[in-house]
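Beneath this line is the structure, given in structure tokens, with notes to follow.
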């Protein structure tokens, strides 16, 4: 079933999936990732700041990445890292962040939002949306445009991207040029065929998905908000252009396709690709494989195309 280039990654990534079904595994991952905090990207201006929460939360740690000595006002990107809403940090995505800036000059702000093990929804979502509002209010000092923002993220970061974009559409607080919710975690119901059947796939499977949603929504009583689970939104009018892709051997396949189709039904411009034989985050773990290179080529060339067309 798996693409031949991805087969060597199967067992190591199966171990990762097992670890992510255990709270001790999540805590271990968070400890390992915490050691990368403060890591910079060579050749870029890198900065760490703390900005205030608008929801009585603690100050939000953010990372700012931008080209050195740009004399132009650049588009700003909110980048939301992945990790199932329960683990991760901006620094784990520095290769992706560098690739965006190398492809087209922009200022990327990446929040270290609160994680669900200790702070379930809406904490992490609020941190991401607060960061976007802070970007708009501080556009001049950041050297970014005060409109035409880009919102991007992978996995749970893709889910946060879809949620932030939805709220921005609803409130009209911020003008979003385009969004990139890559293989997004957006369906808390987990009742699609891919969500129910991917029992033994590596990296992220049915069990890790169930735990991720259980932790993220553990303080939710009654009706679930579409800002927690964007797949339950029913109104896709006036969404920005969208870029996404997904592998066909992961739980998020069907919910990603459903999301794409809902956007297309409202005549929203979407650039989407399905990669056969690919598990979750394959382009990251298998970035040196041909299929990994094709996926990264798709996302960064699509980004450049949308940047040129929609941020002017």
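The values are calculated or read from the model by the stated rules, or taken from the named source; none is laboratory data. Quick caveat, the model's predicted, so the values are computed rather than measured. Here Cβ is always computed from backbone atoms with ideal geometry, including for glycine, and neighbour counts include all displayed protein chains.
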- Note on the structure: Within segment 81-114, residues under 14 Å from the mean Cα position of the chain (by Cα), outside any helix (DSSP H, G or I) and in contact (Cβ under 8 Å) with a residue 60 or more places away in the chain come out as 81, 82, 83, 84, 85, 86, 87, 88, 112
- Note on the structure: Filtering helices (runs of 4 or more DSSP H) wholly in segment 210-312 for at least 1 residues that are within 19 Å of the chain's Cα centre (by Cα) and over 24 Å from residue 199 (Cβ atoms) gives 253-265, 290-310
- Query: Any idea how many residues of segment 189-209 are in a loop (DSSP other than H, G, I, E, B) and without any contact (Cβ under 8 Å) to a residue 12 or more places away in the chain?
  - Reply: 2
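Let's see how each residue does on (1) modelled with pLDDT under 95; (2) more than 21 Å from residue 300 (Cβ to Cβ):
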site	(1), (2)
69	yes, yes
78	no, no
107	no, no
110	no, no
117	yes, yes
133	no, yes
150	no, no
161	no, no
166	no, yes
- Query: Where residues in segment 115-135 are in contact with a helix residue (DSSP H, G or I) (Cβ under 8 Å, 6 or more places away or on another chain) and not in a loop (DSSP other than H, G, I, E, B), which of them is surrounded by the most Cβ atoms within 10 Å (Cβ to Cβ)?
  - Reply: 124
- Query: Consider residue 225 against the criteria (1) crowded, with 16+ Cβ neighbours inside 10 Å; (2) touching a residue at least 60 places away in the same chain (Cβ under 8 Å); (3) under 28 Å from residue 283 (Cα atoms): it satisfies all of them except one. Which criterion is unmet?
  - Reply: (3)
- Only one of 141, 147 is without any contact (Cβ under 8 Å) to a residue 12 or more places away in the chain, surrounded by fewer than 20 Cβ atoms within 10 Å (Cβ to Cβ) and either touching a strand residue (DSSP E or B) at 6+ places or on another chain (Cβ under 6 Å) or more than 29 Å from residue 251 (Cβ to Cβ) (or both); which? 141
- Query: Just checking, which of 271, 261 is touching a helix residue (DSSP H, G or I) at 6+ places or on another chain (Cβ under 6 Å), surrounded by fewer than 20 Cβ atoms within 10 Å (Cβ to Cβ) and within 22 Å of residue 178 (Cβ to Cβ)?
  - Reply: 271
- Task: Kindly indicate whether any position in segment 153-174 is part of a strand (DSSP E or B), over 26 Å from residue 22 (Cβ atoms) and in contact with a strand residue (DSSP E or B) (Cβ under 7 Å, 6 or more places away or on another chain).
- Result: no
